Structure formats: C-alpha cells, structure tokens
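Take a look at the structure below.
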C-alpha cells in the first residue's frame, strides 16, 4: 500500500475544497451535483481526489457514483481515511474508545471549511514525513 498515494490524495482533497472546485458541505451525501455546482464533505473530497467518483447522468439529474474497481485507489483511500481517523482520535463520549469517523467530525456543528482543509493538510504533511 503506497503511503505516497495517500499523501497525494489528501493534498488534492484539501486543494479541491480550498480552491472552491468542490464546495464543502455538511449533513448530506459524500458528493452532490447541484444547480450551484459540485459539493461534498471531507470524505467526498478524498473520493474525488482519488478518482473514485464519476459524474453520471440519470434521467433528470446528474449524480456522483463511487467506483472502487481499481484496488490501488481503494487501498490508498482506506489508508488516507485511517490516517484521518487516527488524527481525530476517539469519538467524544464513546466508552469503547472507538475512533471518530471523518463524516461525523465533518458534520459537527461549528465545524468550518478551514477546519476540514487544515485536517487534510496536517495529516498529509505528517504522513509525508514518515
């Protein structure tokens, strides 16, 4: 499993959100195609950065479909997500000390785009230094 590919994915995900190419969203699907453009959460940006998302036309709407046919992409996404979860640490109040999910963290009230971009960049930088 390539750590460098996971780093590349995390950096690209941060760039997609920071540049506005992908508008950041909360409390919705990983990736959405709206009249205002494409939007997604932290993990949606990771999937898009890893080339694991394809925009498809369905009847009246365009939808994002996740595609993990390439096992190298799936492995790199898994590694990127694991590193993000390790950085987030345990879910607050979880007596079993389970790691927080990126989706739950992304959707927390008060979370900002800056928080998400900072997390992606920090984890990428830490992973690159290993």
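What follows is calculated from the coordinates using simple rules that are stated; it is not laboratory data. Values in this document were obtained by computation on a predicted structure and should not be read as measured data.
Structure notes:
- Here is how the number arises for the chain: DSSP H runs of 4 or more residues each give -39500 (n - 2.57), the sum is divided by the residue count, and the result at 222 nm is -16000 deg cm²/dmol.
- The angle between the Cα long axis of helix 3-19 and the main principal axis of the chain comes to about 60°, on a 0 to 90 degree scale.
- Helix 71-88 axis, angle to the chain major axis (alpha carbon atoms, nearest 10°): 50 degrees
- Coordinate range along principal axes, alpha carbons of the chain, Å, largest first: 44, 33, 28
- Rounded to the nearest 10 degrees, the inclination of helix 113-128 to the longest alpha-carbon principal axis of the chain is 60 degrees.
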